[in-house]
Amino acid sequence: MYFIQIAPLMFKKLITLSLLILTTTALFAQKDSISIKLENVNYAHPVKFFPISTEGQQLKMAYMDVQPTKNANGRTVVLFHGKNFAGYYWTDVIKTLTTNGYRVVVPDQIGFGKSSKAYIHYSFHQLASWSKALLESLNISKSVILGHSMGGMLATRYALMFPERTEKLLLEDPIGLEDYRTFIPYTNTEKQYQTELKATPESVRKYYQGSYFTKWKPEYDELVRIAGGVSYSKEFPRYAKVAAMTYTMIFEQPVVYEFKNLKVPTVLFIGLEDNTIVGKASLTPEQQAQHGQYKVLGKKAAAEIPGAKLIEFENCGHIPHLEIPKAFAATLLENL
């Protein structure tokens, strides 16, 4: 009789405990869902890896090599991603290009995306050289280079180093249109590392909302899920350290002074509402208003690059290929 009276209470406690365990397990599973190499992030096409040996380390450079789906024209477009992104955000651009006859190669640079997160000296010269080696391994001797954001700095360096391999240079809201060293307080890599360690999905969302888009759309949540989700990984300190290293690369290796030396046809695609500044948080609102004004910087860059063409998008921020995909796709095809 005693057992019959106590059993329901024990059963209730067991159920409550089981639910607590399941909830806690689910919470931690969600937090650990994004690895720093994005192994569990799906890309639109199969990912391969190009081996790289440097500074006593064996590294892997992830890339997609997507063949045209119809009307192959024998031309190749290479997509260079921005600092806070990787191959996953090029899906619509890849589809636009491959359905119009282009082969598309999409590398995740070392330190980004699915590629190795290496403790090495990062430089645009080295990333450009590895990109060239990748393309050589794929028997691609000449290609159109499209670079977005940080990828625009890399694409510029690539075109300066290998003009004979660059059919055309396309720059989509590239950073580095001004020399950040002249107005951003210097932060060494270790101090920047401490800043990167504080990243959370909430801080990523706030930054993306305030810096990248004129109006937030639900589809942008996936960008936050990936970029913010890595902060829950046990390996996040490595990710943060590499992010700090590449911040230093951007800060210390400007390309703006060499625009005049470009010798390839160049097109700039600029969102007029873009106000991106690397190191923006270290400036006062008044200082921020004096820099990162792409409606001014785009025109200035186009004037400095010999023969450059400038295309401006109204009501668009830092990532035209995501914010206005149809307009960007049409304009991109017109300028290939």
- Item | Residue check for residue 329: within 20 Å of residue 147 (Cβ to Cβ), surrounded by 13 or more Cβ atoms within 10 Å (Cβ to Cβ) and touching a Ser or Thr at 6+ places or on another chain (Cβ under 6 Å) | yes
- Task: Starting from the range 99-110, take each residue that is over 18 Å from residue 168 (Cα atoms) and in contact (Cβ under 8 Å) with a residue 40 or more places away in the chain and list its partners that are outside any loop (DSSP other than H, G, I, E, B) and of a type in the set (D, E, K, R), counting only C-beta distances under 8 angstrom and pairs at least six apart or across chains.
- Result: none
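Yes/no matrix, rows are residues, columns are (1) more than 18 Å from the chain's Cα centre (by Cα); (2) of a type in the set (Phe, Trp, Tyr):
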position: 163; (1), (2): yes, no
position: 171; (1), (2): no, no
position: 188; (1), (2): yes, no
position: 193; (1), (2): yes, yes
position: 204; (1), (2): no, no
position: 207; (1), (2): no, yes
position: 212; (1), (2): no, yes
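Output the number of residues of the range 46-76 satisfying the condition of being modelled with pLDDT of 95 or more and either closer than 24 Å to residue 169 by Cα or acidic (Asp, Glu) (or both).
Taking the range 46-76 as the starting set, the residues that turn out to be modelled with pLDDT of 95 or more are 46-69, 72-76.
Subset that is either closer than 24 Å to residue 169 by Cα or acidic (Asp, Glu) (or both): 50, 55, 61-69, 72-76.
Residues that pass the stated criteria total 16.
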- Within the range 209-238, of all residues that are of a type in the set (Phe, Trp, Tyr) and in a helix (DSSP H, G or I), the one surrounded by the fewest Cβ atoms within 10 Å (Cβ to Cβ) is 232
- Hey, could you check the range 111-132 for residues that are of a type in the set (A, V, I, L, M, F, W, C) and without any contact (Cβ under 8 Å) to a residue 60 or more places away in the chain and say which is surrounded by the fewest Cβ atoms within 10 Å (Cβ to Cβ)? 128
- Candidate set from the range 239-281 (those that are loosely packed, with under 15 Cβ neighbours inside 10 Å and assigned to a helix (DSSP H, G or I)); member that is modelled with the lowest pLDDT: 281
- Item | Qualifying positions in the range 74-91 - among the charged types (D, E, K, R) and touching a strand residue (DSSP E or B) at 6+ places or on another chain (Cβ under 9 Å) | 75
- Which ranges mark the strands (runs of 3 or more DSSP E) fully within the range 34-94 that have 3 or more residues being surrounded by 21 or more Cβ atoms within 10 Å (Cβ to Cβ)? 57-66, 76-80
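Of 97, 79, which residue is of a type in the set (A, V, I, L, M), more than 28 Å from residue 199 (Cβ to Cβ), in contact with a Leu (Cβ under 9 Å, 6 or more places away or on another chain) and at pLDDT 95 or above?
On the way: 79 fails: more than 28 Å from residue 199 (Cβ to Cβ).
Just a single option satisfies the conditions, and that option is 97.
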- Query: Do the conditions hold for residue 286, that is, is it farther than 26 Å from residue 224 by Cα and over 22 Å from the mean Cα position of the chain (by Cα)?
  - Reply: yes
- Kindly indicate whether any position in the range 151-172 is among the small types (Gly, Ala, Ser), touching a residue at least 24 places away in the same chain (Cβ under 8 Å) and more than 18 Å from residue 306 (Cβ to Cβ). yes
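The values are calculated or read from the model by the stated rules, or taken from the named source; none is laboratory data. Being a predicted model, the structure only gives us computed values, none of them experimental. Neighbour counts run over all protein chains shown; Cβ positions are idealised from the backbone, glycine included.
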